[in-house]
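Asker: Sharing a structure with you now.
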Amino acid sequence: MATTTFVFDAYGTLFDVSAAARELAAEPGREEFAKHWPKVAEVWRAKQLQYTWIRAITNAHTDFWEVTQNALDNALDVVKLNAPEHRELRERLLQLYWELSAYPEVPKALQELKDAGMNTAILSNGSPKMLDGAVQNAGIGHLLDDVLSVEDVGIFKPAHQVYELVTKRFECQPQEVIFVSSNGWDAAGAAGFGFRSCWVHRNSGEQVDRLPWKPEFVLTDLKFVPDLLRL
């Protein structure tokens, strides 16, 4: 069955989730935070994902913005930057998260897919407002046919109801979709739903997850995604 649609995860795939902490560390007067920013970024992301999984399996859904704040608070606890005098630091990090940078290859990859006549979309745990902010900041709205959020079904990925948003929106079969994510568990979940999935692993030390489903494609960079049209 011919591919008609390319769908991308947002955070960590199109948008650099480490950018908020890294950019804050580079601001003047942030020398103390600069010592801790890699750890903050690491724990923030890890807890963000863990909280979505726990909420999904316990039917305790909330929007991704609350999850993001909870995860940041945990990260700041870890590095002992959670005292009242650090309130401004927390608020600045959250502000920067609304303005995450896209990876540099994103616009060109999306443009190539549009030039080839493909449907393109985001499918994300993010809330609609968060995603709108990220897309506008990256200037890629004109390269996307839609931005789909889990808020339409009230459960986080990798629940099948989330992936089904794509087939309903584009009136297509799962086999017509190539789903792209930098999260191995997400690529596996999409494959379990029936998508042709692609794992973009930017961390060369990370291995394919030991799960019942495997991504069909494994790439190191989004710039190679348009090449999948020839496979």
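Asker: Would you please name the residue that is farthest from E91 (Cα to Cα), looking only at residues in segment 11-26 that are part of a loop (DSSP other than H, G, I, E, B), touching a residue at least 40 places away in the same chain (Cβ under 8 Å) and open to solvent by 20 Å² or more (accessible area, probe 1.4 Å)? Working first, answer last.
Answerer: Restricting attention to segment 11-26, the residues satisfying the condition of being part of a loop (DSSP other than H, G, I, E, B) are 12-14, 16-18, 26.
With touching a residue at least 40 places away in the same chain (Cβ under 8 Å) added as a condition, the list becomes 12-14, 16-17.
From the residues that got through so far, the ones that are open to solvent by 20 Å² or more (accessible area, probe 1.4 Å) too are 16-17.
Working: D16: 19, V17: 16 Å.
Checking each candidate, the answer is D16.
Asker: Go through segment 160-169 residue by residue and tally those that are in contact with a Gly (Cβ under 8 Å, 6 or more places away or on another chain) and open to solvent by less than 20 Å² (accessible area, probe 1.4 Å).
Answerer: Going through segment 160-169, the residues in contact with a Gly (Cβ under 8 Å, 6 or more places away or on another chain) turn out to be 160, 163.
Add one more test, that the residue is open to solvent by less than 20 Å² (accessible area, probe 1.4 Å), and what stays is 163.
So the answer is 1.
Asker: Being closer than 19 Å to I57 by Cα, of a type outside the set (A, V, I, L, M) and crowded, with 19+ Cβ neighbours inside 10 Å: is that true of D186 here?
Answerer: It is true that D186 is closer than 19 Å to I57 by Cα, of a type outside the set (A, V, I, L, M) and crowded, with 19+ Cβ neighbours inside 10 Å.
Asker: Further, regarding this structure: Using the structure shown, decide if R92 is in a helix (DSSP H, G or I) and under 26 Å from V225 (Cα atoms). Outline the logic, then answer.
Answerer: Values: in a helix (DSSP H, G or I): yes; under 26 Å from V225 (Cα atoms): no.
Criteria not met by R92.
Asker: Next up: Check whether at least one residue in segment 84-92 is in contact with a helix residue (DSSP H, G or I) (Cβ under 8 Å, 6 or more places away or on another chain) and either closer than 30 Å to F179 by Cβ or among the small types (G, A, S) (or both), and report yes or no.
Answerer: no
This table checks each residue for (1) open to solvent by 30 Å² or more (accessible area, probe 1.4 Å); (2) modelled with pLDDT of 95 or more; (3) assigned to a helix (DSSP H, G or I); (4) of a type in the set (S, T, N, Q).
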position	(1), (2), (3), (4)
P107	yes, yes, yes, no
L113	no, yes, yes, no
G117	yes, yes, no, no
L131	no, yes, yes, no
H142	yes, yes, yes, no
L148	no, yes, no, no
E151	yes, yes, yes, no
K157	no, yes, no, no
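Asker: Given (1) under 21 Å from A46 (Cα atoms); (2) in contact with a helix residue (DSSP H, G or I) (Cβ under 6 Å, 6 or more places away or on another chain), where does A188 come up short, assuming only one miss?
Answerer: Going through the list (1) under 21 Å from A46 (Cα atoms); (2) in contact with a helix residue (DSSP H, G or I) (Cβ under 6 Å, 6 or more places away or on another chain), A188 breaks only (2).
Asker: Tell me, which residue of segment 35-65 that is of a type in the set (D, E, K, R) and not in a loop (DSSP other than H, G, I, E, B) is most open to solvent (accessible area, probe 1.4 Å)?
Answerer: From segment 35-65, those of a type in the set (D, E, K, R) are 35, 39, 42, 45, 47, 55, 63; that's our starting set.
After this cut, where a residue has to be not in a loop (DSSP other than H, G, I, E, B) as well, the list is 39, 42, 45, 47, 55.
Working: K39: 93, E42: 111, R45: 39, K47: 57, R55: 60 Å².
This residue is E42.
Asker: Looking only at residues in segment 71-89 that are outside any helix (DSSP H, G or I) and open to solvent by 70 Å² or more (accessible area, probe 1.4 Å), which one is farthest from L131 (Cα to Cα)?
Answerer: Pass one, segment 71-89, residues outside any helix (DSSP H, G or I): 79-83.
Among the residues that remain, those that are also open to solvent by 70 Å² or more (accessible area, probe 1.4 Å) are: 80, 82.
Numbers: K80: 30, N82: 27 Å.
Checked segment 71-89; the qualifying residue farthest from L131 (Cα to Cα) is K80.
Asker: Among residues belonging to segment 118-132 that are within 16 Å of Q95 (Cα to Cα) and in contact (Cβ under 8 Å) with a residue 60 or more places away in the chain, point out the one that is nearest to the chain's Cα centre (by Cα).
Answerer: Selected residue: G126.
Asker: Out of the residues in segment 18-70 that are of a type in the set (A, V, I, L, M) and in contact with a Ser or Thr (Cβ under 8 Å, 6 or more places away or on another chain), which is nearest to M130 (Cα to Cα)?
Answerer: Looking at residues that are of a type in the set (A, V, I, L, M) and in contact with a Ser or Thr (Cβ under 8 Å, 6 or more places away or on another chain), I get V67.
Asker: Which residues, counting only those in segment 48-92, are within 21 Å of the chain's Cα centre (by Cα), over 24 Å from I155 (Cβ atoms) and touching a residue at least 40 places away in the same chain (Cβ under 8 Å)?
Answerer: Listed by number, the list holds a single entry, R92.
The values are calculated or read from the model by the stated rules, or taken from the named source; none is laboratory data. Computed from a predicted model, the values in this text were never measured in an experiment. All Cβ positions, glycine included, derive from the backbone under ideal geometry; neighbour counts span all protein chains shown. Accessible surface areas use protein heavy atoms only, side chains included; no ligands, DNA or RNA. Shrake-Rupley method; radii C 1.70, N 1.55, O 1.52, S 1.80 Å.
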